[in-house]
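Okay, so here's the structure we're looking at.
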Amino acid sequence: MEHTFKAVDEELNALHGEVVRMGEVTVSQLRAAVAAFVKHDAAEAARVAAADAELDRMDAEIERRAVRFIALHQPMADDLRAPITAMKTAMNLERCGDLAKNMAKRTRELAAPPSAGQSKALADLGALVAGRLAEVMAAYSSGDAEAATRVWEKDAEVDILHERVFRDILQSMSGDPSGIEASTHLLFITKNLERIGDHATNIAELVCYEATGVELGERARG
């Protein structure tokens with residue numbers, strides 16, 4: 001029996017480690033996508049887009065491991081939360097990777113570099129979102145429900161900055177109709193960053209539930 005418990009723990013630890021590594025890759029991809037936009041570096045943007053295949057592979061492998069674990073061990077209640085959280089966290093990370101890839105593709109389609117103001121605005125939003133994603137993955141790594149809750153509670157900061165940047169881009173479009181195509185790309189990049197922030201919030205909810213068995217909304221109300 002002790003041998004069985006040890007094998008189960010080793011499998012869960014390996015699964016957990018794979019998700020942590022996927023989080024590191026995802027944060028790196030996001031930061032690279034933002035940097036490529038700021039520098040208007042088409043080659044770097046192309047590398048970001050191509051590297052998304054690795055995140056797809058990691059997501060598929062984590063799902064395979066989680067499903068296999070559940071099928072073999074048929075965990076109940078508390079024991080089931082870990083593989084489900086791992087699988088759902090990987091799904092959110094894979095989606096973040098898709099959004100970073102989309103940002104990179106739009107960077108390559110920009111005919112001219114962004115203005116200094118646009119670069120700073122999107123760099124600030126990108127840094128905020130990447131920081132949130134890194135924070136929540138650190139919470140996942142350590143199983144820290146309180147740290148996850150702090151990320152969840154700060155989601156409004158991303159929304160506020162996103163709305164400000166979005167509004168500024170719209171104003172520039174109305175003042176310079178010739179830049180509508182470029183501004184449209186900027187609007188989508190901005191929206192992609194906001195959606196990555198939403199995925200960080202989703203992961204925060206998963207981390208809290210795995211650690212406590214309580215939905216984050218219920219925990220906050222309590």
> Which one of Ile70, Thr149, Leu93 has its Cα pushed farthest toward the positive end of the charge dipole of region 2-221, where Lys and Arg give +1 and Asp and Glu give -1 at the Cβ?
Replying inline: Leu93
> Fewest to most neighbouring Cβ within 10 Å: what's the order for Asp78, Asp144, Asp52, Asp124?
Replying inline: Asp78, Asp124, Asp144, Asp52
> Relative to the present Cα-Cα distance, how much length would full extension add between Ala138 and Lys6 at 0.36 nm per residue of separation?
Replying inline: 45.0 nm
>> If I take R0 = 41 Å and measure r between the Cβ atoms of Glu163 and Asp78 in this structure, what FRET efficiency does the formula 1/(1 + (r/R0)^6) give, to the nearest 0.05?
In response: 0.55
> For the chain, with only Lys/Arg (+1) and Asp/Glu (-1) charged at the beta-carbon, what is the dipole magnitude about the Cα centre, in debye rounded to 20?
Replying inline: 580
> Under a point-charge model restricted to the Cβ atoms of Lys and Arg (+1) and Asp and Glu (-1), what is the dipole moment magnitude of region 1-86 relative to its Cα centre, in debye to the nearest 20?
Replying inline: 200
> Hey, what's the Kirkwood Rh for region 83-210 if you take every pair of different alpha carbons, in angstrom?
Replying inline: 15.3
>> From the helices alone, meaning DSSP H stretches of at least four residues, give me the mean residue ellipticity at 222 nm for the chain, per-run term -39500 (n - 2.57), in deg cm²/dmol to the nearest 500.
In response: -31500 deg cm²/dmol
> Measuring from centroid to centroid over Cα atoms, what is the spacing of region 176-202 and region 61-104 in Å?
Replying inline: 27
> How many nm is it between the label spots at Glu24 and Arg150, if each spot is 7 Å from the Cα in line with the beta carbon?
Replying inline: 2.2
>> If I fit a long axis through the Cα atoms of helix 180-212 and take the longest principal axis of the Cα atoms of the chain, what angle between them do I get, 0 to 90°, rounded to 10?
In response: 20
> Hey, what angle do you get for helix 116-142 against the long axis of the chain, alpha-carbon based, 0 to 90 degrees rounded to 10?
Replying inline: 0
> Taking only Cα atoms, what is the 0 to 90° angle, nearest 10, from helix 42-73's long axis to the longest principal axis of the chain?
Replying inline: 20
>> If R₀ is 25 angstrom, what is the calculated FRET efficiency for the pair Ala43 and Thr184, using the beta carbon separation as r and rounding to 0.05?
In response: 0.60
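What share of Cα pairs, in percent, lie more than 22 angstrom apart in the chain?
Values: 12995 of 24531 pairs.
Across the chain, Cα pairs with separations above 22 Å total 53 percent.
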>> Could you tell me the calculated FRET efficiency between Arg57 and Asp176, based on Cβ-Cβ distance and R0 = 35 angstrom, to the nearest 0.05?
In response: 0.25
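Laboratory data are not the source of any read-out in this text; all were calculated from the coordinates shown. Just so you know, these numbers come straight off a predicted model, no measurement behind them. Cβ: placed from backbone, ideal geometry, glycine included. Neighbour counts: every protein chain shown.
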